[in-house]
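Data first, discussion second: the structure below is written as structure tokens.
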Amino acid sequence: MSDADFDIIVVGSGCAGAVAAYVAASAGKSVLVVERGNYAGAKNMTGGRIYSHSLKEVFPDFESEAPLERKITHERIAMLNSDSEMTIDFTSPVLAEEGKDSYSVLRGPFDQWLAEKAEGAGAEYICGIAVEELLKDESGKVVGIRAGEDEITSQVVIVAEGTNTLLSERCLGNARPAPCQMAVGIKEVFELPAGVIEDRFLLPEGEGAAMLFVGDCTHGKVGGGFLYTNRDSISLGLVATISTAAGGGNDTPVYQMLEDFKGHPAVAPIIRGAKMVEHSGHMVPEGGYDMVPQYVFDGALLAGEAAGLCMNMGYQVRGMDFAVASGRMAAEAAVEAIDAGDASAAGLSGYARRMEDSFVIKDLKTFRKWPHVMEEWDAMFNDYPTMAAEVFNAMFSVDGRPQEPLRRRIMPIIKKRGLFKTANEVRKAVSAL
Ligand SMILES: Cc1cc2nc3c(=O)[nH]c(=O)nc-3n(C[C@H](O)[C@H](O)[C@H](O)COP(=O)(O)OP(=O)(O)OC[C@H]3O[C@@H](n4cnc5c(N)ncnc54)[C@H](O)[C@@H]3O)c2cc1C
């Protein structure tokens, strides 16, 4: 029998923390969640769309219970230069199939729902106070937390503090991510009637669209824009790597990039007449597998973005499904270790085994090279959008003068940049995908 105050303390009630608390409390463990926001979701932000597969594993009835905005059935990827847009627009019933489906969410209501599920399962919550330190015994094993005046002990601490990995760095010795591995995200929410959103995106009633942008939205710097349709609002924003945002040679602050993005001809008509009701900013890890730190310690586990679990593929952004799955696996491993009477790193190693066997670590490993390709692929953000605009201008404009064959109009545009150079860049990128 342990004389700790709780079996498990969870730091942070985002997707990872709340799910960990729910799973551990459902298994009969005493669980305390400490969340620094005044309520779950108060400080959280996402683009955002959640791929539902990992949520369904924990909450089979999530579709009827969770505050989901729209099921995403339309995907758009747009390349922008200063005054043009080239968009791939895709829709298919496969996107709506059970297990492959995804939903736009707003983190305020979504995180509160997750917290209610955890509380309903028996987890206790303290909100409005930050955990400042992880307590350790003389052997260095984590045995609890300090929050304000209070020291509270537990057999296991699940650190789900998100992307600002202060506890992990300060108390567990993990390294601070490099600027090129972190991005800053900025987002605004615009209210629009549901019918207007459906008309502007050609959506059947209740369905939604996701749109990712590359090019002029970040003034040609590494990063990208995003847009998600909610029930009666639109989430619009962009991310730029810290090295882009703060590095030399960037003369445009990120907030100005967003202002310009909102005025771009590809975006302005979408939010025409809409009222901006929310503005937020948040960091996001984008370094992929190479930034996953040690995540199993004596008495402690890291889950979600605290463990660097996030992937920006340019055509997919994934963090929440990783957070949900890792929160579940951390809780399962903690319960197993507590039942076996061994909360050392060896006793908690079931977490690493589960993670390695799951899509979380497998996907991060598969796409390990991608963040490096993006970092070095300046052309994707500058030259390609310009080239796309020139190619499509050549293809679609008719001025009454006799036309050259299309290939003679297009080849000079590609040759101007270098046919082999372009082909090599594309080959390198494809090999990382
Ligand atoms: C601009 C942007 C767009 C994104 N788009 C998408 C998307 O479309 N799809 C997707 O899947 N992912 C997206 N992500 C990533 C996704 O939001 C994260 O991966 C996900 O929220 C991580 O969940 P988490 O539980 O690990 O962390 P979080 O959700 O950040 O939760 C961490 C919690 O810990 C609390 N906390 C932190 N420190 C302490 C402390 N010391 N004491 C107490 N509490 C603490 C915080 O207040 C917070 O509630 C996006 C992120 C950004 C920034």
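The values are calculated or read from the model by the stated rules, or taken from the named source; none is laboratory data. All figures in this text were calculated on a predicted structure; none of them were measured in a lab. For neighbour counting, all protein chains shown are included, and Cβ atoms are generated from backbone atoms with ideal geometry for every residue, glycine included.
Is it the case, given these coordinates, that Ala78 is more than 26 Å from Ala118 (Cβ to Cβ) and more than 15 Å from the ligand (Cβ to nearest atom)?
Numbers: more than 26 Å from Ala118 (Cβ to Cβ): yes; more than 15 Å from the ligand (Cβ to nearest atom): yes.
Criteria met by Ala78.
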Notebook entry, point to check: In the stretch 138-170, what residues are without any contact (Cβ under 8 Å) to a residue 40 or more places away in the chain and either polar (S, T, N, Q) or assigned to a loop (DSSP other than H, G, I, E, B) (or both)?
Noted result: Glu138, Gly148, Glu149
Checklist line | Test: Ile152 is outside the structural domain of Gly304 (by TED's automatic domain parsing), out of contact with any His (no Cβ under 7 Å at 6 or more places or on another chain) and either within 12 Å of the ligand (Cβ to nearest atom) or not acidic (Asp, Glu) (or both) | finding: no
Check: Only one of (1) modelled with pLDDT of 95 or more; (2) of a type outside the set (Ser, Thr, Tyr); (3) more than 14 Å from the ligand (Cβ to nearest atom) fails for Arg176. Which number is that?
Finding: (1)
Item checked: Matching option when the condition is surrounded by fewer than 16 Cβ atoms within 10 Å (Cβ to Cβ) and in contact (Cβ under 8 Å) with a residue 40 or more places away in the chain, among Lys369, Lys365 -> Lys365
Notebook entry, point to check: Got a sec? Which helices (runs of 4 or more DSSP H) wholly within the stretch 314-416 have at least 1 residues that are within 16 Å of the ligand (Cβ to nearest atom)?
Noted result: 320-339, 350-357, 359-366, 370-376
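Against the condition surrounded by 20 or more Cβ atoms within 10 Å (Cβ to Cβ), touching a helix residue (DSSP H, G or I) at 6+ places or on another chain (Cβ under 8 Å) and of a type outside the set (Ser, Thr, Tyr), how does Ala21 come out, does it pass? If you could, list the steps in order and put the result at the bottom.
Working: surrounded by 20 or more Cβ atoms within 10 Å (Cβ to Cβ): yes; touching a helix residue (DSSP H, G or I) at 6+ places or on another chain (Cβ under 8 Å): yes; of a type outside the set (Ser, Thr, Tyr): yes.
When the stated conditions are applied, Ala21 passes them.
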Note to self: Pairs needed: first member in the stretch 301-326, modelled with pLDDT of 95 or more; second member anywhere, of a type in the set (Gly, Ala, Ser) and surrounded by fewer than 23 Cβ atoms within 10 Å (Cβ to Cβ); C-beta distance under 7 Å; at least 6 residues apart or different chains.
What the structure shows: Ala325/Ser358
Check: Within the stretch 181-228, can you find the residues that are closer than 10 Å to Arg70 by Cβ, surrounded by fewer than 21 Cβ atoms within 10 Å (Cβ to Cβ) and under 22 Å from the mean Cα position of the chain (by Cα)?
Finding: Glu207
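How many of the residues making up the stretch 229-248 are at pLDDT below 90 and surrounded by 22 or more Cβ atoms within 10 Å (Cβ to Cβ)?
Here is the first cut: in the stretch 229-248, the ones at pLDDT below 90 are 241-248.
In the following step, the residues that additionally are surrounded by 22 or more Cβ atoms within 10 Å (Cβ to Cβ) were identified as 241, 244-245.
Residues meeting the conditions: 3.
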